[in-house]
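The values are calculated or read from the model by the stated rules, or taken from the named source; none is laboratory data. The structure displayed is predicted, hence computed values, not measured ones. Note: ideal-geometry Cβ built from the backbone for every residue, glycine included; neighbour counts use all protein chains shown. What goes into the accessible areas is simple: the full protein's heavy atoms, side chains included, and nothing from ligands, DNA or RNA. Shrake-Rupley method; radii C 1.70, N 1.55, O 1.52, S 1.80 Å.
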Amino acid sequence: EDMAYIGCYGEGEKPILSAAKIIESEEKWEKYEDNIYRVDLKNFEKFSGLKKNDQNSCDIGFWEDEKGNIYGKKKNLLANLNKVGDFYCDGRYFYVRSEINPYKGYGKIILATKLEMVRVGSRCVVENLHIEYTGSHGVVKKYTNIKDTEIRDCIIEKIGGSYLYGIGNKDIARYGNGIEFWNQAENTYVHNCIFSQVFDAAYTLQGNNVTNGFKNNICENNI
């Protein structure tokens, strides 16, 4: 019943919450076949960043090269990697089409893995966070009903692109919202946030089993 606060401690830049797996050297890559390279996402020695190796953390929403270019051409079959930059995940390996070792061609590569970064509840304030590199949602109201929740002064960027299991065709439907209130929310206030490079919606009220519905949800003064 008490208020919960999720935010920065002390001064300085906003703390970063990231679901990135980062591949930082040439030897981490394995040549699978001509013009196809792969990396083992269950082997923690192959990457830095998020140390998880479950199905979701091996579901990549997009990847980014060292210059900041984003590649979102996710394919549902390895055989469909037809153009340079196309990628595929099989639950363990991340495959990408490249004419040379990806480190030589793109430098350090960042993979956005499927992880809901922040789940909010009632009487919750989320403030001054920098949320990035997830193939799923940035901030989400998931299961319990919520009310009296505020999200302010956050940067939410580089979000989405992973597969949405359980709705539609699991090998086609992709998703990822900046902020999502699912099925119900009451008295929420989202303001003074920056949204950028989001696969789906920056902010959304939606659901498939709405009972109480949505009341007095304000979203204003965001970029």
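Springs between Cα atoms under 10 Å define the GNM used for the chain, and in it the highest mean-square fluctuation of GLY91, GLY207, GLY12 occurs at GLY12. Have a look at the DSSP beta bridges in the chain and tell me what percent are antiparallel, nearest 5. If I count the DSSP bridges inside the chain, around 40 percent turn out antiparallel. Over the chain, with a Gaussian network built from C-alpha contacts below 10 Å, which listed residue (ASP34, ASP148, ASP65) shows the highest mean-square fluctuation? Maximum among the listed residues: ASP34. The overall shape of the stretch 64-117, judged from the alpha-carbon gyration tensor, is oblate: a/c is not under 1.5, and a/b is no greater than b/c.
Entry note, the chain: the mean residue ellipticity at 222 nm calculated from DSSP H runs of n ≥ 4, each adding -39500 (n - 2.57), is -500 deg cm²/dmol after division by the residues and rounding to the nearest 500. FRET efficiency for the pair ASP54 and ALA173, taken as 1/(1 + (r/R0)^6) with r the Cβ-Cβ distance and R0 = 22 Å, rounds to 0.65. Here the spin labels are modelled as points 7 Å beyond Cα on the Cα-Cβ line, and at TYR9 and LEU77 they lie 5.1 nm apart. Taking the chain as a Gaussian network, where each spring joins two C-alpha atoms under 10 Å apart, which residue of VAL96, VAL118, VAL84 fluctuates the most? Answer for the Gaussian network model of the chain: VAL84.
May I ask you to give the solvent-accessible area per residue for the chain, in square angstrom, as obtained with a 1.4 angstrom probe? For the chain, the solvent-accessible area averages 50 Å² per residue.
Once C-alpha pairs closer than 8 Å and six or more residues apart are averaged by separation and normalised to the residue number of the stretch 20-83, the relative contact order reads 23 percent.
Applying the Karplus relation 6.51 cos²θ - 1.76 cosθ + 1.60 with θ = phi - 60° to the stretch 114-127 yields 3J(HN,Hα) values of 7, 7, 6, 6, 9, 9, 9, x, 5, 6, 10, 10, 10, 8 Hz, where x marks Gly and Pro.
Length gained on full extension, GLN206 to ARG119: 29.8 nm, using 0.36 nm per residue less the C-alpha separation. Run the accessible area of the stretch 14-152 with a 1.4 Å probe and give the carbon-and-sulfur part as a rounded percent. Whole-percent figure for carbon plus sulfur exposure: 42.
The candidate values were (1) 99, 29, 21; (2) 56, 43, 28; (3) 58, 49, 34; the one computed from these coordinates for Cα extents along the principal axes in Å carries the label (2).
Magnitude of the charge dipole for the stretch 72-149, about its Cα centre and with charges confined to Cβ atoms of Lys, Arg (+1) and Asp, Glu (-1), is about 160 debye. Dipole check for the stretch 1-129: with +1 at the C-beta of Lys and Arg, -1 at the C-beta of Asp and Glu, and the Cα centre as origin, the magnitude is about 340 Debye. Of all DSSP bridge pairs formed entirely within the stretch 70-172, close to 25 percent run antiparallel.
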